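Okay, so here's the structure we're looking at.
The values are calculated or read from the model by the stated rules, or taken from the named source; none is laboratory data. Computed from a predicted structure; not experimentally measured. FYI the Cβ positions are ideal-geometry reconstructions off the backbone, even for glycines, and counts take in every protein chain you see. Note: areas computed on protein heavy atoms with side chains; ligands, DNA, RNA excluded. Shrake-Rupley method; radii C 1.70, N 1.55, O 1.52, S 1.80 Å.
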Amino acid sequence: MEFLKDFLKAKDLRSAKIFSHLKCSVEEAKILQLLTKRYVEGEDEVNVYDIVSELYGQDDFVYLEKLDLIKHLLDLGWIVHGGFGTLKGNDHTKLELLHSDIALSVPFLRLLEEGNVDLALPEIKPYNDHLDYFQDQFFRIELYQKIASSRQNYSADTPTIKRLQNKLALLEKRIEERLAQSQKEMEVERLFEEYELDKKEQIIFLALLKEEYAGNEGGLREMNALVELVSFNEYERIENRTLLEDSARLIANGLIDYEEMLTPFGGISRSFFITEEVMQRIIHPDKKRSKKLKLQNLIKEQDIFELIEPKTTLEDVVLHPQTKKTLEALLKQMDKKVAERLKRWGIKPKKRGVDARIIFYGPPGTGKTLTALSLARSLKKPVLSFDCSKILSMYVGESEKNVRKIFDTYKDLSQKAKTQPVLLLNEADQFLSARSHAPGSSADKMHNQMQNIFLEQIENFEGVLIATTNLLESIDQAFSRRFNYKIEFKRPNFQERLRLWQMMLPKEAQYEEGFDPHKLASFDLTGGQINLVIKNTAYKVAIKDEPIFTLKDFIEEIEKEKISAFGDEKSLGFVR
């Protein structure tokens, strides 16, 4: 207690051993000295009026002029508002301070005991195991919590926050140095690299991991608490909420998930957690995960499907309002809670999870495939895509057998990967078209047999299946009954075409004076055609001496597109 005794005995406080650390005036140090004496005598909290009137007397109300000193000590972080006081933060008048209670802060008490406020860290050593690593990382999260809490109570420039930030910087450097010396790679660090998480995403993940190990005692699962950790002002608080949206990396990649709960005020709050699979991977980093082989590795062993990781959401697709409304309703109907409700009512088989058989139909280039991928993203599922137009050319003589193989392979991949991707059957016209009731050729017989097998597989399919087709009129009625959702994709109207032009036109390019995309939107094109016209025009303009886009350039390519045989080009759709 050397520093405490020295501070209490000092007559000239400038000679006290801790004075240089205080960064305050001698007069303010006298207030701290009196508070320290009261603390030693057993008073944890002291009324401000009692302190200033004892030090400065009551004549002429001179003590009122000293409230500035109390406020500055609060800003410095050497004192805090009393635990049962009504004042919090620093958004209050000086007069409100007069009859409030104050107490010495933990940093000041530590300064009295240890003589400095710097973080004392052990020497740099490699991490022994992941628990040793977690000890540093969880201490790091505690510092982020303290900084977030201090930002709520004080301005961002206070010495208290600066001290915490210095400690944090030292600790983060130490973690980096210990990782560099460690022979064994930490599983959490491997996850960060594998999913390319930035610093803010890492902090959110580590905070939730700390919650898992603490048994949910730290109160960091709620969205606002997590956002506050990585935000330094109101703008960042708004911006960083996107880190916890469904389309964000942490959720879209299945690292974390959330539960929605009703608040007492009728709103909905989200409680986040690390998914069970990821937790098992972290807890048992050396355990072989052969039963959970990744889909991207399994996909290399077959030649039927293309694996697609969706990058866009439904918000990125320009759709007819009615189509978008139908898709939003479809998403709600596929919610896990809704599925459980349907099981209780006996509408859905109890053993089946979220499933749907969907047809997207409409002209080429209207965004059917892209919407299918975006829907899968909203469902947090990868996509196994099969081009149905290749079925006959790929499997001549064995079409019937290989239709079954498509579904058998899908089921096998799903079981091995312990996941259930969306099955996307692109250009499924051959499967869905009306069967011949009086087949006269072997080709007709083969086609009917192939369709009968496809019909059987659709009937027994478990999961989410999306088939795209250009024409709904030619679909066999038997197939139509097997699909519980049929969604039309119409050609875009003028306003939708205008949005597409505005989205797709190169942002960094130069345009002629008076260039108006409204004139381009007057041409009846699909999104796929607009995309193709822009690309063809760009190639033409790029070789000019003065690469400036003109309306004439675009209109020439539009006319070519309208009369070309390539006008029904196949396109993935269009994004914002």
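Would you mind stating whether THR326 is in a helix (DSSP H, G or I), at pLDDT 75 or above, among the β-branched types (Val, Ile, Thr) and open to solvent by 50 Å² or more (accessible area, probe 1.4 Å)? Answer is yes for this residue. Considering segment 329-371, the residues that are in a helix (DSSP H, G or I), at pLDDT 80 or above and basic (Lys, Arg) include one that is least open to solvent (accessible area, probe 1.4 Å), namely LYS368. Among the numbered criteria (1) modelled with pLDDT under 90; (2) touching a helix residue (DSSP H, G or I) at 6+ places or on another chain (Cβ under 9 Å), which one does LEU250 miss? Of everything listed in (1) modelled with pLDDT under 90; (2) touching a helix residue (DSSP H, G or I) at 6+ places or on another chain (Cβ under 9 Å), LEU250 misses just condition (1).
Being within 15 Å of the chain's Cα centre (by Cα), of a type outside the set (Phe, Trp, Tyr) and more than 26 Å from GLN165 (Cβ to Cβ) is a description that applies to ASP246. Scanning segment 534-546 for residues that are closer than 16 Å to LEU500 by Cα and open to solvent by 70 Å² or more (accessible area, probe 1.4 Å) gives a single hit, LYS535. Contact annotation: residue pairs with Cβ atoms under 6 Å, 6 or more positions apart or on different chains, pairing a residue in segment 363-375 that is within 11 Å of LEU319 (Cβ to Cβ) with a partner that is modelled with pLDDT of 85 or more and in a helix (DSSP H, G or I), are GLY367/GLY527. Residues that are closer than 16 Å to ILE274 by Cα and either free of Cβ contacts under 8 Å to residues at least 24 places away in the same chain or open to solvent by 70 Å² or more (accessible area, probe 1.4 Å) (or both) within segment 195-208 comprise just one, GLN202. Note on segment 205-238: residues that are more than 18 Å from GLN152 (Cβ to Cβ) and among the charged types (D, E, K, R) amount to 5.
Taking the criterion of being surrounded by 15 or more Cβ atoms within 10 Å (Cβ to Cβ), in contact with a helix residue (DSSP H, G or I) (Cβ under 8 Å, 6 or more places away or on another chain) and either at pLDDT 90 or above or not charged (D, E, K, R) (or both), the residues of segment 148-164 that qualify are ALA148, SER150, TYR154, THR158, PRO159, THR160, ILE161, LEU164.
Within segment 177-221, being closer than 17 Å to ASN128 by Cβ and charged (D, E, K, R) holds for GLU177, ARG178, LYS184, GLU185, GLU187, GLU189.
For segment 209-255, taking the residues that are open to solvent by less than 70 Å² (accessible area, probe 1.4 Å) and basic (Lys, Arg), the one that is farthest from GLN280 (Cα to Cα) is identified as ARG237.
Sub-8 Å Cβ pairs linking a first residue in segment 537-553 that is under 12 Å from TYR511 (Cβ atoms) to a second residue that is among the hydroxyl-bearing types (Ser, Thr, Tyr) and outside any loop (DSSP other than H, G, I, E, B), at least 6 apart or interchain, are ILE548/TYR511; PHE549/TYR511; PHE549/THR537; THR550/TYR511; ASP553/THR537, ordered by first then second residue.
Would you please name the residue that is farthest from LYS490 (Cα to Cα), looking only at residues in segment 522-533 that are open to solvent by less than 10 Å² (accessible area, probe 1.4 Å) and of a type in the set (A, V, I, L, M, F, W, C)? Give the steps one after another, and end with the answer.
Just the residues of segment 522-533 that are open to solvent by less than 10 Å² (accessible area, probe 1.4 Å), to begin with: 525-528, 530, 533.
Within this subset, residues satisfying the condition of being of a type in the set (A, V, I, L, M, F, W, C) are 525, 530, 533.
Numbers: LEU525: 11, ILE530: 15, VAL533: 20 Å.
Ranking the candidates gives VAL533 first.
Remark: pairs (first residue in segment 406-417, under 18 Å from LYS300 (Cβ atoms); second residue of a type in the set (Lys, Arg) and not in a helix (DSSP H, G or I); Cβ separation under 7 Å; 6+ apart in sequence or on different chains) = ALA417/LYS294. Cβ-Cβ contacts under 6 Å between residues 6 or more apart (or on different chains), taken from a first residue in segment 258-287 that is within 17 Å of GLU194 (Cβ to Cβ) and of a type in the set (Asp, Glu) to a second residue that is at pLDDT 80 or above and in a loop (DSSP other than H, G, I, E, B), are absent. Can you confirm whether GLY83 is open to solvent by less than 40 Å² (accessible area, probe 1.4 Å) and modelled with pLDDT under 85? The answer is no for GLY83. When residues in segment 1-53 are screened for being among the basic types (Lys, Arg) and closer than 19 Å to TYR63 by Cβ, 3 of them pass. Restricting attention to segment 35-52, the residues being surrounded by fewer than 17 Cβ atoms within 10 Å (Cβ to Cβ), farther than 21 Å from GLU114 by Cα and in contact with a Gly (Cβ under 9 Å, 6 or more places away or on another chain) number 1.
Checking LEU32, LEU97, LEU55, LEU69 one by one, the residue that is surrounded by 13 or more Cβ atoms within 10 Å (Cβ to Cβ), assigned to a helix (DSSP H, G or I), in contact (Cβ under 8 Å) with a residue 24 or more places away in the chain and touching a Ser or Thr at 6+ places or on another chain (Cβ under 9 Å) is LEU69 and no other.
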